[in-house]
Amino acid sequence: MDAWSLADALRVDGRQWRPLLVDEPLTVELRLLGGDEITLIGQRTGLVNPRVAALRKYYYPVALQVFDDHVYPALWDFVLTFPDPAALVAEGRRKWQNFLPAHPLCRPQTLEGRRALFAQADPLPARPAVVAAKRMLAQTLAQMLRAPEAQWKAYRDRM
């Protein structure tokens, strides 16, 4: 809700509003939920940044280009489904073409561009040990991100 909407609601319905009391259970719960949301966002950021760094280190540019928002859960699913560029190429066109429509990323204006990036995926020459280690880190972080995201969604639904 932006300031304009709040001011308009106050102008129209303001007489029916009552102040929130500090000790009222809903006020206490709302304050706690807001603090918990900030904590969960911090935890998510603490997991997202190393995951993005891991993707950069083992040369997985397609994952970072297709998903411009690195917090988006579809990127986590992508990394778990296609753990490295070689896996993306090996899985075949049909599987990665069906990946996007299975997620809320399927917007007509971006779908073809994202599919084109998948088609350009190429196993880059990286040392196998680096790819194996960073792939494992990226997948582990993707799995760890699911728990705070589920908690955060539960808090948002409650608010």
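The values are calculated or read from the model by the stated rules, or taken from the named source; none is laboratory data. In this text, all values refer to a predicted model and were calculated from it rather than measured experimentally. Glycine also receives a Cβ, built like all others from the backbone with ideal geometry; neighbour counts cover every protein chain displayed. Each accessible area value is taken on the protein alone, full model and side chains, heavy atoms only, with ligands, DNA and RNA left out. Shrake-Rupley method; radii C 1.70, N 1.55, O 1.52, S 1.80 Å.
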Item to check | Carbon and sulfur %, accessible surface of the chain computed with the full protein complex present, 1.4 Å | outcome: 59 percent
Checklist entry - If the chain between A154 and R15 were fully stretched, how many nm would it gain, using 0.36 nm times the residue separation less the Cα-Cα distance? => result 46.8 nm
Checklist entry - For the chain, what relative contact order do you get, as a whole percent, if you take Cα pairs closer than 8 Å and at least 6 residues apart? => result 35 percent
Item to check | Computed helical MRE - 222 nm, the chain, DSSP H runs ≥ 4 contributing -39500 (n - 2.57), nearest 500 | outcome: -23500 deg cm²/dmol
Checklist entry - Where in the chain are the DSSP H helices whose C-alpha atoms run 27 Å or more along the long axis and whose mean Kyte hydropathy is at least 0.0? => result 25-57
Checklist entry - From the list (1) 66, 33, 21; (2) 36, 36, 26; (3) 57, 44, 28, can you say which value of Cα extents along the principal axes in Å was derived from the structure given? => result (1)
Checklist outcome for this item: Comparing A133, A142, A54 in a Gaussian network model of the chain (Cα, 10 Å), the one with the largest mean-square fluctuation is A133
Checklist entry - Which shape class, rounded, prolate or oblate, goes with region 1-71 when its Cα gyration tensor gives a ≥ b ≥ c as root eigenvalues, a/c under 1.5 marks rounded, and past that a/b bigger than b/c marks prolate? => result oblate
Next on the checklist: Calculate the FRET efficiency for W4 and A147 from the Cβ-Cβ distance with a Förster distance of 41 Å, rounded to the nearest 0.05.
Outcome noted: 0.65
Checklist entry - Averaged per residue, what accessible area in Å² does the chain show with a 1.4 Å probe, protein chains only? => result 64 Å²
